[in-house]
Amino acid sequence: GVLIVEGAAEALLLPTLADKIGRPLTKHGVSIVNVGHVGLFRYARIFQRNSRPHLKASVACLADRDLPPTEARGLIKKDRKTEADLTPEEIDEHIKKRKANDADPVTTYVSPTWTFEYDLAATPLAPWVHAAISLAKKAKQTDKPLPTGEQAKELIKQAKQEVQTWTEEELGETTIACQIYEPLVKKQASKPETAQALAHILNQDKHAPDWTEEEWRERLPDYLVAAIDHATNKTEQPPAEDEGD
């Protein structure tokens, strides 16, 4: 299988997320291809054939939806449209364009709102995403590697407390996600370093959420779970039928 992604952040973090939902990429022979821009199909088409035999590889393209929520108006350029500026039909057409070139064995999975990082921040993973961005922001401010040890521990603790406070203030999931994502929009933190920090946090029992594989599946964005399942050839087994006596 192959996962084709738009940037380094996805390439760095997807192996960890795949492990969390019980579909480790190495075990299932899946490679990640980071193309560095939104032109995923330029590379995905390599796996398509006009006639049989088709390639057996399962190819999943991960595309950002790139439609900021209304609450992000203060973070984006004035002439950029938010989701509220489009009709449901226009949004459907926007998504269809992302999937326009899908054909065996390539399937495109589109994020539910804005970008990979924002859509993670809009899930129950929000405190950990905020912690990772805080570490990446500190690294950029000091022009040093990502914080470690007691400094990292304190930054992670502060970030989780901030999200808890915002939640108690009933700011709403979308507003909280925008506040978490703001340093990345303003280039105050690096997306690759954020992904590196988040992968490290999630791989440490003392910091990671204590969720089962099923809980991870329920709490991650659906498009990520579906893309990983596709690339790793996960198929649902039909229930066994009673054969009678």
What's the magnitude of the charge dipole for the stretch 1-160 around its Cα centre, counting Lys and Arg as +1 and Asp and Glu as -1 at the beta-carbon? Answer in Debye, nearest 20.
480
The stretch 146-211 to the stretch 118-138: how many Å between their Cα centroids?
3
Mind checking which lysines have their C-alpha under 21 Å from Lys157, skipping anything on the same chain fewer than 8 residues away?
Lys137, Lys138, Lys140, Lys144, Lys191, Lys206
Scan the stretch 35-132 for GluC sites (Glu not before Pro) in coil per DSSP, keeping those whose Cβ has at most 11 other Cβ atoms within 10 Å, and list them by number.
none
With θ set to phi - 60°, apply the Karplus curve 6.51 cos²θ - 1.76 cosθ + 1.60 along the stretch 31-43 and write out the HN-Hα couplings as whole Hz, x wherever there is a Gly or Pro.
9, 9, 10, 9, 8, x, 6, 7, x, 4, 5, 4, 9
Give me the percent of the accessible area of the stretch 77-119 that comes from carbon and sulfur atoms, probe 1.4 Å, all protein chains in place.
49
Roughly how tilted is helix 173-185, in degrees to the nearest 10 and between 0 and 90, from the longest Cα axis of the chain?
80
Normalised per residue, the volume inside the convex hull of the alpha-carbon atoms of the stretch 1-115 in Å³ amounts to 128
How far, in degrees from 0 to 90, does helix 191-202 lean away from the longest principal axis of the Cα atoms of the chain, to the nearest 10?
90
Which value, in Å², gives the accessible area per residue of the stretch 1-158 when a 1.4 Å probe is used on the protein heavy atoms?
52
Please list the three semi-axes, largest first and in whole Å, of the ellipsoid equivalent to the chain, using sqrt of 5 times the eigenvalues of its alpha carbon gyration tensor.
31, 23, 19
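The values are calculated or read from the model by the stated rules, or taken from the named source; none is laboratory data. Owing to the predicted nature of the structure, the values given are computational and were not obtained by experimental measurement. Here Cβ is always computed from backbone atoms with ideal geometry, including for glycine, and neighbour counts include all displayed protein chains. Note: areas computed on protein heavy atoms with side chains; ligands, DNA, RNA excluded. Shrake-Rupley method; radii C 1.70, N 1.55, O 1.52, S 1.80 Å.
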